[in-house]
1. Just the number please: accessible area per residue for the chain, 1.4 Å probe, all protein chains included, in Å².
2. Count the net charge of all other residues whose Cβ sits under 11 Å from the Cβ of Pro109, scoring Lys and Arg as +1 and Asp and Glu as -1.
3. Would you mind counting up the charge near Ala129? Only other residues with Cβ under 14 Å from its Cβ, with Lys and Arg at +1 and Asp and Glu at -1.
4. For segment 1-157, compute the orientation-averaged projected area of the C-alpha convex hull (one quarter of its surface), in nm².
5. Just grab the label-to-label distance for Ile119 and Leu136, each label 7 Å out from Cα along the Cβ direction, in nm (one decimal).
6. Under 5 Å between amide hydrogens, which residues at least 5 positions from Trp128 or on another chain qualify, with H placed 1.01 Å from N in the peptide plane?
7. Tally Lys and Arg at +1 and Asp and Glu at -1 over the other residues with C-beta under 13 Å from the C-beta of Arg141: what net charge comes out?
8. Only helical DSSP H runs with n ≥ 4 go in: add -39500 (n - 2.57) per run for the chain, normalise by residue count and round the 222 nm mean residue ellipticity to 500 deg cm²/dmol.
Amino acid sequence: MTARERTSVDARIEPYPVPAPGPAVWLLGAHGGSGVSTLARYWSFADDAQRQWPCGNAREIESPYVVVVCRETIQGLSSAHDLILEHRNRGLACELLGLVTVANAAGPPPKQVRQLRSIVTGAVAAHWAIGWHRFLASAARSSLPTWRALDGVPIQTKGAVIDVPEDVIAAGVGIVTALQSALPTLWSGQ
């Protein structure tokens, strides 16, 4: 058995060049195809970290909050675990809120994937799961709707179609809640 190459990403020295006010949360993909660009489209409060940790020390102009995103595969979860450990071991200034896992196929993942997911999610403060959505394979990202935290959770009525999948909204609510819990420490440097 060969050793796999560890996943590591650079930390930015300067804030991201985005228009103010910028996103409240950065989505850091553990690997290509993790689902970051789709989630960044769905969630108005988030943006793609472009495979870099935010600098985290320019809090007056850039959010220090990060969520790692990966597919529920052995490689995806292993890469996410590498990033979670990297964040902890390097003492980065940005703050890791948690992990979003995105299903790789319909149905439950294989046993080995479920076991690894249990280990990896135990290494973060919070975990949000996004299920398999078949329509996303053929949907243009630009055609996807956006959910804003201020919209709240839509109430489903008989015959109504919710544009943003329920699990995507639930994960969004969870991330916003984690963000709100972290805000009291924003300026304390904790």
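1. Numbers: 10330 Å² over 190 residues.
Counting only protein heavy atoms, the per-residue value for the chain is 54 Å².
2. Numbers: positive: Arg71, Lys111, Arg114, Arg117; negative: Glu72.
So the environment of Pro109 carries a net charge of +3.
3. 0
4. Numbers: hull surface 44.4 nm².
Value for segment 1-157: 11.1 nm².
5. Label-label distance for Ile119 and Leu136, simple model: 2.5 nm.
6. Leu99, Val100, Thr101
7. Details: positive: Arg41; negative: Asp48.
Residues close to Arg141 contribute a combined charge of 0.
8. Details: 4 runs with 52 residues, N = 190.
Mean residue ellipticity at 222 nm (helix-derived): -8500 deg cm²/dmol.
The values are calculated or read from the model by the stated rules, or taken from the named source; none is laboratory data. What you see is a predicted model; the values in this text were computed from it and never measured. Cβ: placed from backbone, ideal geometry, glycine included. Neighbour counts: every protein chain shown. Surface accessibility is based on the protein's heavy atoms, side chains included, excluding ligands, DNA and RNA. Shrake-Rupley method; radii C 1.70, N 1.55, O 1.52, S 1.80 Å.
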